[in-house]
């Protein structure tokens, strides 16, 4: 069933809320565009839902053939894949990280990972995370790829299992309120091949990203991002963002997608291959090619001489993701939220979490060339500059360096996370784990993990009164 937004509500909201104002930054006098009232988060793709399907509802412009393709893509995204040779529902494994897109991105959000609940890799074929491994010199290990697949189909060995232990440290705000940070320490056991010495191993974990605003992100005017990088230099706060230029499919461009802006598109083809072991036209080889898992699968009667999903189906998944609506802001007239927005600017969060961007006139282009012009020419409010920023070289209490290089991004550099929809994560997915590996258990911890270029904002937040800190968190939860 189509999950359409009321047209009357849309028109009313357009009339009341398509406003923006500019405010002077008292410190650096830059003009910043501040969304006011009910300013539409994503232009014509803004939806007005406050429920568990707030991330998983199509924009109102989805109709006709696009509606049927959306439904097909939605099914391919959510349906559990099996180890059969069926192209429509099979192709899983032999090793994998998730058994469907939706297994890790429940309701297009962030499925609760097993890191906290099971201490690492989950049981029953499920973990909801990616485990990146490399040598300390950046090279891959001979018998493993970039991702350690901790799950496998029946009769096949996983590549290994992740274990995490948390090191806790308690800190205090100047007013005496305490908070706690939990540093994860990862180890890997049950290697399918020879064990890898810990001193030669870099391991970093990614929990799923919210698939909110994917179409708008793909339609962003890249020249605007490059312009932000050119002027994103605030030495008084130690901030200087930069573009991650990426080459994929023979094209070099501005990376936007991923924790480190390391991709040019939404990585549908890569996700099917690397995450699920589903072969396709871009990645026709099994991810465990050359490993004993291939033989184990063959002994079970599996054939590896055909592709597991068609390019047309993958484009429908791409269309589904780019056609999802973006939830409108909530509680915008709440005095605490209004106060929190002021605190957001006083803490200089907006210097990286840029409030307003624009999409290019033509919209976005899907994998096989289908155009989505409805995404073009929009004013959007993702609260991100999509640039790389140094988030600190130390781990405990200072920064987020994971020693993992992605394109031009160093281990201590991360793309500014878009904040739109973040306040609905608990309702959609039942948890408040944030940052790349879910180490932050709430928004306060997420803020206090900021180091490097985020240090100044963290300290401004830290020195606020408790009422102002609570208000800033209430504002972020309204996005």
Quiz item: Which angle from 0 to 90°, rounded to the nearest 10, does the C-alpha axis of helix 466-477 make with the longest principal axis of the chain?
Solution: 60 degrees
Self-check item: Computed label-point distance, nm, for sites residue 465 and residue 365 using a 7 Å Cα→Cβ extension
Solution: 5.5 nm
Exercise. Compute the relative contact order of the chain as a whole-number percentage, counting only Cα pairs closer than 8 Å that sit 6 or more residues apart in sequence.
Key: 20 percent
Self-check item: Cα gyration tensor shape for region 403-479, rounded if a/c is under 1.5, else prolate or oblate
Solution: oblate
Self-check item: Within the chain, helix-based [θ] at 222 nm, where runs of 4 or more DSSP H residues each add -39,500 (n - 2.57), nearest 500
Solution: -6500 deg cm²/dmol
Quiz item: Rounded if a/c is under 1.5, else prolate if a/b is larger than b/c, else oblate: which is the chain, with a ≥ b ≥ c the root eigenvalues of its Cα gyration tensor?
Solution: oblate
Quiz prompt | Rounded if a/c under 1.5, otherwise prolate or oblate - region 90-218, Cα gyration tensor axes | solution = oblate
Exercise. Give me the number: length gained by fully extending residue 393 to residue 295, i.e. 0.36 nm times residue separation minus the C-alpha to C-alpha distance, one decimal in nm.
Key: 31.0 nm
Quiz item: For residue 230 and residue 282, FRET efficiency with R0 = 41 Å and r from the beta-carbon atoms, rounded to 0.05?
Solution: 0.80
Quiz item: Helix 7-17 sits at what angle to the longest principal axis of the chain, using alpha carbons and giving 0 to 90 degrees rounded to 10?
Solution: 50 degrees
Quiz item: Taking Cα atoms, how many degrees apart are the long axis of helix 65-78 and the longest axis of the chain, rounded to 10 and kept between 0 and 90?
Solution: 70 degrees
Exercise. Express the relative contact order of region 70-200 as a whole percentage, based on alpha carbon pairs under 8 Å and six or more residues apart in sequence.
Key: 18 percent
Quiz prompt | Simple label model, 7 Å out from Cα along Cβ direction - residue 185 to residue 166, nm | solution = 1.5 nm
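Read-outs throughout are calculated quantities, based only on the coordinates presented, and are distinct from any laboratory measurement. Computed from a predicted model, the values in this text were never measured in an experiment. Glycine gets a Cβ as well: all are built from the backbone with ideal geometry, and neighbour counts include every protein chain shown.
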